[in-house]
1. Take the Cβ-Cβ distance between ASN213 and ASP285 as r, set R0 to 35 Å, and report the resulting FRET efficiency rounded to the nearest 0.05.
2. In the Gaussian network model of the chain, springs joining C-alpha atoms below 10 Å, which of LEU300, LEU65, LEU80 carries the largest mean-square fluctuation?
3. Placing +1 at every Lys and Arg Cβ and -1 at every Asp and Glu Cβ, with all other atoms neutral, what dipole size does the chain have around its Cα centre, in debye to the nearest 20?
4. Mean-square fluctuation check for the chain, GNM, Cα pairs under 10 Å: which of THR256, THR42, THR160 is largest?
5. In whole Hz, with x marking every Gly and Pro, tabulate ³J(HN,Hα) for the stretch 148-160 from phi via Karplus 6.51 cos²θ - 1.76 cosθ + 1.60, θ = phi - 60°.
6. Can you tell me the order of 228-235, 146-153, 54-61, 90-97 when each peptide is scored by its average per-residue count of other Cβ atoms within 10 angstrom, highest first?
7. Any chance you could check the Cα centroid distance between the stretch 264-306 and the stretch 146-174 for me, in angstrom?
8. How far apart, in nm, are two points set 7 Å out from the Cα along the Cα-to-Cβ line at ARG222 and at ASP169?
Amino acid sequence: MDYRRFDLNLLVVLDTLLEERGVNATARRLGMSQPNVSFALTKLRARFDDALLVREGNTMQPTALAETLRDPLRRMLTTLEGEILAERAFDPARAERRFVISTSDIGELVFLPRLMAELALRAPGVTLESRSMTPIELERAMVDGAVDLALGYFPDLGGTNFLTQKLFDHPFTCIARHDHAEAVPGWSLDTFLALGHIVVAQRGRSQELFEANLARQGYKRRIQLQSPHFMSVPLLAAGSDLVSTVPSAVGAIFATMAPLRLIDPPLPSPMINIQQFWHRRVHDDPAGQWLRGLIAELFLGRDPSPESPIH
């Protein structure tokens, strides 16, 4: 029998007939008319070439074939109801789920401490894996489902298949040795441009915003070190007259690692648009919806960056 030519709705009627042992009772339970149930039984009898149910007094009794069909039919419908047609839900308190996220230069410093604390309270069985990727790698990973969420500044994630929610805008700050004679509050643009600079150059990262802003205004500065890594910057700045412009959250963390002073840039600077990004293929996933909702609850309109030391 080719199931593709078989009306599977008839199996629901047969299953109910085998339980109710009557056309009228089956019609009431399924919300069908009695003639429609009778018509369905006629089609089932023709398909199986068997009476399936025969009347005895006020009830209908299954034939030998119908008895053999009862258990596999119930198993099939139970699987259909419980695994295929079941309502999708995510219970964070009971879930054991690993989410893979990718964060920008700000992400792990700003988001993870608060997010991990909330997960411990609300979803103790949920774990996070944080990955750092190039823009091309990240886009492919989200398309393939290897990354659930990107969190931070990712200007390369575009197109109709990527969905976003803006969380907050984040500023830049300058860092310098704590006793630097020239990098002081109220410093001039000329002083800023004349000093030696450390520039963190990472494609698709927030630093590009500040560099592009300088270029648009035609400003040139003395770049003495360019590196793709942030973590060497605080010790280099603390041990020299070099200064560096970094996201404010990064600067605040650096100031806990080395004796640094944080100073506002001496020129109007762009804000970093911090967002969460996800691919359309996971948009309706209840687990992903829960995680995105938690992130919005914690961070929407709230920059959680640590407070900067006194400038």
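What follows draws every value from the coordinates through simple rules; no lab data is involved. Fair warning: this is a prediction, and the values are worked out from it, not measured in the lab. In this analysis, Cβ positions are derived from the backbone assuming ideal geometry, glycine residues included, and neighbour counts consider all displayed protein chains.
1. Values: r = 38 Å, r/R0 = 1.07.
E between ASN213 and ASP285, to the nearest 0.05, is 0.40.
2. Of the options given, LEU65 has the highest mean-square fluctuation.
3. Values: 33 positive and 37 negative charges, 105 e Å.
In debye, rounded to 20, the chain gives about 500.
4. Among THR256, THR42, THR160, the largest GNM mean-square fluctuation belongs to THR42.
5. Listing the rounded values in order: 7, 7, 10, 9, x, 10, 9, x, 7, 7, x, x, 6 Hz.
6. Values: 228-235: 15.5, 146-153: 22.5, 54-61: 11.4, 90-97: 13.0.
Peptide ranking by packing, descending: 146-153, 228-235, 90-97, 54-61.
7. Computed from Cα coordinates, the inter-centre distance equals 7 Å.
8. Each label point lies 7 Å from its Cα, and together they span 3.3 nm.
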